[in-house]
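Structure, as structure tokens:
The values are calculated or read from the model by the stated rules, or taken from the named source; none is laboratory data. Predicted, not measured: the structure shown is a model, and the values here were computed from it. Methodologically, a virtual Cβ is constructed for each residue, glycine included, from the backbone with ideal geometry; neighbour enumeration extends over all protein chains shown. Note: accessible area is taken over every heavy atom of the protein model, side chains too, but ligands, DNA and RNA are not part of it. Shrake-Rupley method; radii C 1.70, N 1.55, O 1.52, S 1.80 Å.
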Amino acid sequence: MAPWRLPVLPMALVWGWVLASSSSPSTVAPPRDLQITDPGLLGSLDVEWKPPAHVQAFNECTVKYQFEYRSTGDRDWKVIFTRKLKFRVGFDLSRTAEVRLQTLLKGRCTGDVEVQSDWIYATFQIPSQGKLESEVQNFHCIYHDWEYLKCTWQPGLLTPRGVHYGLYYWYEGLDHTVQCDHYIQEHGMNVGCVLQNLSQAEYRDLNICVNGSAAAAVRPLYTTLRLHNLAKPSAPEQLALSVSAAGELLVAWSPPGGRVPRHCLEYEVQVAEDAGGAAAAWAFVSTQMETTLTISRANQSHISCVRVRGRTNVFCADQGFWSEWTQDCFSVPRKEDKQLFILIPVILSLSISLVVFMLIGQCKKRSPAGKPLQTSVGL
């Protein structure tokens, strides 16, 4: 009987593993009742769902959700892993909002192996109104000096007669959408808007809608802006040029005014040198965060011009607009000019001395021989 005892323990272990495996869930149900609702915030939609059925049975596991969303036409999904049952996320309302969701189960009840449910899907689209050609064109915004946002647009190709455009905006922190209160007009029509006091919207999504009221329906334009990526600073100030003893060009300037943080600025420097009558071309020198620069003058040109402009750097924004240029020129005497400056006083001095001697000689010739010149003074 003894030889039969050897396989008892291995068989018991295999049987125990089979029992444990059969008790671990190999599947989990997806979430339920996935819904998308529009709270009227110009693109920020509320997405919510309910847990899968019988989720209470998995008391030794963690239940999470993989939540993904995008607007139709986007190649990539934005992904969130969460234990929440509700999210507010941004979409482009001119396209269909797409959402998909699955349950993730992991813990002792699954042997620490993650179990995933099937995906569930939902979409949302606002009812389309007006023809596509009635939507405003060339919508463009610039955040000037981080102080005010200026947006402009042009009427749509099929603009109804008597249309009245309005711009509305919302960002996280506002209770409701707000209408522009400072429009830019052209021929009595709103073609732009200036928004101020937007510091609370920096580094947040700024949802904007440009709509039109008219007898015929007008297609609204929806867009989401990030102010720091639209910033345009003023030109740098107090540009000063000088030449060192070694003949190098010393350049210095001050950051522009406004609310642009100084650590968020970078500068581009270009130089143009007199090429002896030929048209001077601007040449790139440097892109830097410092406000001083030394430029070697290899050609030892007579006139050097420098211009500087600034924009928000990569540490504070993904992109931005360059400021206008600030420019100054510096005239450096040539070597022959310096020699001429030294010779001119010498030549003038010699010329004056020669004239004096000539005048003295002329006077001696006119006076009688052997008689000194006499001067009478009448009283």
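A few remarks follow.
- Tabulated pairs, the range 180-201, first assigned to a loop (DSSP other than H, G, I, E, B), second of a type in the set (Val, Ile, Thr) and open to solvent by less than 100 Å² (accessible area, probe 1.4 Å), C-beta under 6 angstrom, 6+ apart or interchain: HIS182/VAL194
- Here THR62 fulfils each of the conditions (1) loosely packed, with under 13 Cβ neighbours inside 10 Å; (2) in a strand (DSSP E or B); (3) among the polar types (S, T, N, Q) apart from (1).
- Considering residues of the range 139-179 that are part of a loop (DSSP other than H, G, I, E, B) and among the hydroxyl-bearing types (Ser, Thr, Tyr) only, the residue nearest to the chain's Cα centre (by Cα): TYR171
- A single member of ASN229, ASN207 is touching a strand residue (DSSP E or B) at 6+ places or on another chain (Cβ under 6 Å) and either touching a residue at least 12 places away in the same chain (Cβ under 8 Å) or not in a strand (DSSP E or B) (or both), and it is ASN207.
- Residue in the range 201-220 that is most open to solvent (accessible area, probe 1.4 Å), counting only those that are modelled with pLDDT under 95 and among the hydrophobic types (A, V, I, L, M, F, W, C): ALA215
- Any hit, the range 32-48, residues being open to solvent by 40 Å² or more (accessible area, probe 1.4 Å), modelled with pLDDT of 95 or more and over 27 Å from THR223 (Cα atoms): yes
- Taking the numbered list (1) over 30 Å from GLN125 (Cβ atoms); (2) in contact (Cβ under 8 Å) with a residue 40 or more places away in the chain; (3) touching a strand residue (DSSP E or B) at 6+ places or on another chain (Cβ under 8 Å); (4) open to solvent by 40 Å² or more (accessible area, probe 1.4 Å) in turn, VAL251 passes all entries but (4).
- Filtered by the rule that a residue be in a loop (DSSP other than H, G, I, E, B), closer than 16 Å to LEU221 by Cα, of a type outside the set (Lys, Arg) and open to solvent by 90 Å² or more (accessible area, probe 1.4 Å), the range 90-138 gives GLN125, PRO127, SER128.
- Residue match in the range 132-155 (condition: within 30 Å of GLN35 (Cβ to Cβ) and of a type in the set (Gly, Ala, Ser)): no
- Some residue of the range 155-174 being in contact (Cβ under 8 Å) with a residue 60 or more places away in the chain, of a type in the set (A, V, I, L, M, F, W, C) and open to solvent by less than 70 Å² (accessible area, probe 1.4 Å): yes
- Residue in the range 192-200 that is within 26 Å of ASN313 (Cβ to Cβ) and crowded, with 17+ Cβ neighbours inside 10 Å present: yes
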